[in-house]
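Trainee: Let me begin by handing over the structure; questions about it come next.
The values are calculated or read from the model by the stated rules, or taken from the named source; none is laboratory data. All values derive from a computational prediction rather than experimental measurement. So basically every Cβ, Gly included, is an ideal-geometry build from the backbone, and we count neighbours across all protein chains shown. SASA here: full protein model, heavy atoms, side chains in, ligands and nucleic acids out. Shrake-Rupley method; radii C 1.70, N 1.55, O 1.52, S 1.80 Å.
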Amino acid sequence: MTADIGNWSETTIAGHPCYLFEPEKRNPHGYVGLYLHGVHLGRLQDKLEFVAQFEKYGLPVVVPISQRSWWTDRICPEFDPQISAQQHLLENVLPFIAEKYDARPPQIGLFGTSMGGQGALRLAYKFPDKFPVVAAISPAIDYQERMRRDDDDPLWLQYDRPEEARQDSATLHIHPLNWPRNQFFCCCGDDIDWWESSERLRMKLYSLGVPHTCELELCGGGHGFTYYGMMAPRVMQFVYESLEKERRRIV
């Protein structure tokens with residue numbers, strides 16, 4: 001395993017593991033990043049492209065671990081037999097951030113990759129007041145396709161059929177009048193599994209007149225940390241600048 005870069009530590013939140021990053025100098029406005037990992041539980045601890053951005057913006061980052069839960073509001077046995085990943089985030093992780101960092105919405109920037117990217121978008125669409133700032137890299141939006149490809153996929157323990165999963169996907173949770181004020185998503189043009197679902201999301205947001213920013217043309221590595229790392233500077237700049245907009249926003 002590659003050595004950690006920067007100041008990382010490990011803790012538990014309600015019995016579940018969570019990694020914490022602390023920058024050398026924290027930003028003056030109390031902003032915190034909340035990162036949702038992908039299905040392979042890929043680490044950020046050894047990803048210089050991300051850590052450099054966390055340091056640049058003075059951003060503490062909280063990384064809860066939810067196994068292959070897809071960050072849904074369904075029970076995922078390998079994560080927890082009694083609470084969903086969504087419940088864990090809302091009922092345990094957000095209060096932890098409030099207690100440890102004295103940060104509450106809209107001071108929290110939500111972002112994720114792949115499984116975590118779609119989870120970030122879906123959570124922001126369902127709870128835009130809690131997550132007004134969201135960014136997703138290579139979001140695996142139409143995850144029902146995994147069920148069609150693999151009869152043993154863990155998603156079969158959450159949904160009875162692919163159509164049931166589709167109805168719970170991020171795109172189906174967009175409200176035409178209530179959406180996160182700051183949303184960005186990107187997907188590599190060579191990502192054969194997930195690019196089309198990002199394009200469908202873009203088309204729906206455009207048709208509804210929902211403000212958003214996306215990058216679906218740039219290619220660089222397909223699906224994985226090669227592309228994630230390439231997009232890290234743009235994504236974290238968007239997150240930080242959006243948090244600044246929220247701070248200055250007149251209610």
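Trainee: Looking at this structure, is PRO176 closer than 21 Å to SER84 by Cβ and at pLDDT below 95?
Mentor: Here the answer is no, as PRO176 does not meet what is asked.
Trainee: Does PRO176 satisfy being touching a Leu at 6+ places or on another chain (Cβ under 7 Å), under 21 Å from PRO128 (Cα atoms) and loosely packed, with under 14 Cβ neighbours inside 10 Å?
Mentor: Yes; evaluated as a whole, the condition is true for this residue.
Trainee: Just for the range 209-222: of the residues that are surrounded by 14 or more Cβ atoms within 10 Å (Cβ to Cβ) and closer than 18 Å to LEU177 by Cβ, which one is farthest from the chain's Cα centre (by Cα)?
Mentor: VAL210
Trainee: Hey, could you check the range 223-246 for residues that are more than 27 Å from PRO176 (Cβ to Cβ) and of a type in the set (S, T, N, Q) and say which is surrounded by the fewest Cβ atoms within 10 Å (Cβ to Cβ)?
Mentor: Here the answer is THR226.
Trainee: Among ARG202, ARG148, ARG166, which is the only one that is in contact (Cβ under 8 Å) with a residue 24 or more places away in the chain and open to solvent by 60 Å² or more (accessible area, probe 1.4 Å)?
Mentor: ARG166 is the lone residue from the list that is in contact (Cβ under 8 Å) with a residue 24 or more places away in the chain and open to solvent by 60 Å² or more (accessible area, probe 1.4 Å).
Trainee: Of everything in the range 218-251 that's among the charged types (D, E, K, R) and either in a helix (DSSP H, G or I) or closer than 28 Å to HIS40 by Cα (or both), which residue is modelled with the lowest pLDDT?
Mentor: ARG248
Trainee: Which of the residues belonging to the range 24-74 are open to solvent by 20 Å² or more (accessible area, probe 1.4 Å), among the polar types (S, T, N, Q) and within 18 Å of ALA14 (Cβ to Cβ)?
Mentor: Within the range 24-74, just GLN67 meets the criteria.
Trainee: Another one. For the range 1-15, how many residues meet the condition of being in contact with a helix residue (DSSP H, G or I) (Cβ under 6 Å, 6 or more places away or on another chain) and within 19 Å of ALA52 (Cα to Cα)?
Mentor: 2
Trainee: Looking for whichever is touching a residue at least 60 places away in the same chain (Cβ under 8 Å) and in contact with a helix residue (DSSP H, G or I) (Cβ under 9 Å, 6 or more places away or on another chain) here; the options are ILE141, ILE174. Which one fits?
Mentor: Values: ILE174 fails: touching a residue at least 60 places away in the same chain (Cβ under 8 Å).
Among ILE141, ILE174, only ILE141 is touching a residue at least 60 places away in the same chain (Cβ under 8 Å) and in contact with a helix residue (DSSP H, G or I) (Cβ under 9 Å, 6 or more places away or on another chain).
Trainee: For the structure I just gave you, tell me whether VAL51 is within 13 Å of CYS18 (Cα to Cα), under 17 Å from the mean Cα position of the chain (by Cα) and in contact (Cβ under 8 Å) with a residue 40 or more places away in the chain. Explain how you work it out, then say what you get.
Mentor: Working: within 13 Å of CYS18 (Cα to Cα): no; under 17 Å from the mean Cα position of the chain (by Cα): yes; in contact (Cβ under 8 Å) with a residue 40 or more places away in the chain: yes.
Spelling it out, it is not the case that VAL51 is within 13 Å of CYS18 (Cα to Cα), under 17 Å from the mean Cα position of the chain (by Cα) and in contact (Cβ under 8 Å) with a residue 40 or more places away in the chain.
Trainee: Scan the range 92-113 residue by residue and report those that are in a helix (DSSP H, G or I) and either surrounded by 21 or more Cβ atoms within 10 Å (Cβ to Cβ) or of a type in the set (A, V, I, L, M, F, W, C) (or both). Steps first, answer last, please.
Mentor: Within the range 92-113, the subset in a helix (DSSP H, G or I) is 92-101.
The answer is VAL93, LEU94, PHE96, ILE97, ALA98.
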